[in-house]
Every structure is written in C-alpha cells, then in structure tokens.
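Enquirer: Please read through the structure below; I'll follow up with questions.
None of the figures in this text is laboratory data; all of them are computed from the coordinates on show. If you're wondering where the values come from, they're calculated on a predicted model, not measured in any experiment. Every residue, glycine as well, gets a Cβ built from its backbone with ideal geometry; the counts of neighbours run over all protein chains shown.
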Amino acid sequence: MPESQDVVIYGAGGHGRVVLDAALRVPGLRVVGVIDDASTLRGQRLLTTEILGDVSVLSEPRFRLCRVVVAIGDPASREAAAARVAAAGLGFAAIVHPTAFLAYGVSLGEGAMVLPMAVVHTGGSIGAHAIVNTGAIVEHDCRVGDYAHVAPGARLGGGVIVGRAALVGIGASILPGVRVGECAVVGVGAAVISDVRAGAVVGGSPARILKGS
Ligand SMILES: CC(C)(COP(=O)(O)OP(=O)(O)OC[C@H]1O[C@@H](n2cnc3c(N)ncnc32)[C@H](O)[C@@H]1OP(=O)(O)O)[C@@H](O)C(=O)NCCC(=O)NCCS
C-alpha cells in the first residue's frame, strides 16, 4: 500500500459503523466515504463520513485508486457486495483496529476486518473479507476462512479451522484443533469439542446439533 491509502466503506449498517470507526483510527488510511445499496441514504452521514450513494459511484474516476472494505455482517451479502466491487475494478483494504493484537507472521486476506481488542496469534491466517470481531481470541495456528466471522468474545483454541462463511457466535469457545465446516453456525456461548459439519447449526455446552446433520 502507498503511504496514505484512500478507502471507501461499503455498508452503512451497524457493522459498517463499527468498521468505519476502526478505519478512522488507522494511521495512513483516509476514509473518503461510505457507500450502501440503499441509494436513498445518499447525502446522509455515517458518524463523520458522507454516504456517497450506491456501488455505481465507484466507477467515477476519483475512486480509481481507492480500496474498499465491505463492512456488511451477513456473509452472503458481503460476498455479493465484494463481487460488485471487483466488477467495478477496485481492490480491497484490510482493517486492523489499533487496539487489536496481530502476532508476527499472521496472514490477513484482502478486505479482512480485525476489530477492537481482538487477538490473532502466531501462525494464524485470516481469510479474505473475514471478520474477527471485538474481543475475539484466535489462538496460534488457526485458519479462519474467507467470509467467515468470529463474533465478539469468541475464542478459538490453537489450530482451529473455521470454514468459509462460517459463523462462530458471540462468546463461543472451540477446543484446539477442531474444524468448523463451511457455512456452519456455532451458537452464542457454545462450547465446541468436536468437528462441526458444513452447514450445521450447533449450540450448547458441550455443543450439540440444533439444525442440519
Ligand atoms: C444458534 C442460532 C443460530 C439459532 O438461531 P435460530 O435458528 O433462530 O434458532 P431458534 O432461536 O429458533 O432456536 C431453536 C432452538 O435452538 C435453541 N438455541 C438457540 N440458540 C442457542 C444457543 N446459542 N445455544 C443453545 N441452544 C440454542 C433454542 O432454545 C431452541 O430450542 P427449542 O427448539 O428446544 O426451543 C442463534 O441462536 C445464535 O446463537 N446465533 C449466533 C448469533 C451471533 O453470535 N451473531 C454474531 C453477531 S455479531
């Protein structure tokens, strides 16, 4: 990245506001605006920042060198929005809140978001457009897939694998080495002690299947 990078935040909802607040605090980033699919929001403000319109504004020459952070909580919507940005020819910026701790050598995919007080320890990899939310702990050697979400206060033991677009809910804990499959959902407060199949919804302590197989 150049010394100062212009960024646009995509998403004016609650998660968008959290990511905007983080981006405004990152040295070397200049937030030039917010976009949202709801074109009626155009001209309003999110925190201190103007909502410029919908994704079509990105085709204007003034945004040519901008990077975008897709700050939409729902993974399917986040993926669709990222595809629209890529079609407009723009790249993505990852956001790491200044109070987050990233160990040396952690790999961070494009558009990933690591929010206040989160920890990602050594050997970790965070996928493209993934979220490590407020106060989450991702211990050593974890792999968090593209579009996955480790929600506030969730804790992953060493070597946990979280599949693409999976959600580890608020305050859930995952035993070291466990795999959470693609698009699986781990409920709020769960204690996961064995692998979770793709698409399954689990909850409780120890976690049991609530939906799926
Ligand atoms: C697990 C979860 C996805 C289930 O949601 P849902 O599909 O709407 O399910 P319901 O609320 O209809 O509950 C279905 C059953 O599961 C139980 N259940 C729901 N969430 C549970 C949880 N976290 N732990 C244990 N049991 C749970 C309910 O009590 C209910 O049981 P019953 O059928 O015996 O009455 C949801 O409760 C959850 O925890 N989501 C994570 C949210 C999150 O962390 N988001 C991040 C925001 S930043």
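Enquirer: Order the peptides 149-162, 106-119, 73-86 from the highest to the lowest mean number of other Cβ atoms within 10 Å of their residues. Before the final figure, lay out the partial values.
Expert: Working: 149-162: 22.8, 106-119: 21.1, 73-86: 17.4.
Ranked from most to least packed, the peptides come out as 149-162, 106-119, 73-86.
Enquirer: Which percent, nearest 5, of DSSP beta bridges in the chain are antiparallel? Write down the numbers at each step before the final one.
Expert: Working: 5 of 50 bridges.
Around 10 percent antiparallel, to the nearest 5.
Enquirer: Next question. Starting from the Cα of Phe101, step 7 Å along the direction of its Cβ; do the same at Glu182; then give the gap between the two resulting points in nm.
Expert: So the label points at Phe101 and Glu182 sit 3.4 nm apart.
Enquirer: For region 5-93, build the charge dipole from Cβ charges (+1 Lys, Arg; -1 Asp, Glu) around the Cα centre, then report which of Gln5, Ser77, Ala38 sits farthest towards its positive end.
Expert: The Cα lying farthest towards the positive end belongs to Gln5.
Enquirer: Within region 89-113, which residues have the backbone N less than 14 Å from the label spot 7 Å out from Leu47 along Cα→beta-carbon, could you tell me?
Expert: So the set is 95-100.
Enquirer: Right, another one. Return the long-range amide H neighbours of Asp6 (sequence gap of 5 or more, or a different chain), with a cut-off of under 5 Å between placed amide H atoms.
Expert: Counting only residues 5 or more places away or on other chains, the set is Arg30, Arg67.
Enquirer: Per 10 Å bin from zero, what fraction in whole % of the C-alpha pairs of region 5-93 is there, up to the bin with the longest pair?
Expert: 19, 58, 23, 0
Enquirer: Give me the extension gain from Glu3 to Leu65: residue separation times 0.36 nm, minus the current Cα-Cα distance, reported in nm with one decimal.
Expert: Details: separation 62, 0.36 × 62 = 22.32 nm, distance 1.29 nm.
So the extension gain works out to 21.0 nm.
Enquirer: Using just the helices of the chain, give the 222 nm mean residue ellipticity in deg cm²/dmol: DSSP H runs with n ≥ 4 each add -39,500 (n - 2.57), and the total is spread over all residues, rounded to 500.
Expert: Working: 2 runs with 24 residues, N = 213.
One gets -3500 deg cm²/dmol as the mean residue ellipticity at 222 nm.
Enquirer: Contour minus end-to-end for Leu210 and Ala80, with contour as 0.36 nm per residue of separation and end-to-end as the Cα-Cα distance? Display every interim value, and only then the final one.
Expert: On the way: separation 130, 0.36 × 130 = 46.80 nm, distance 2.74 nm.
My answer for the length gained is 44.1 nm.
Enquirer: Now, a different point. What is the Cα convex hull volume of the chain when expressed per residue in Å³?
Expert: On the way: hull volume 22.1 nm³, N = 213.
Value for the chain: 104 Å³ per residue.
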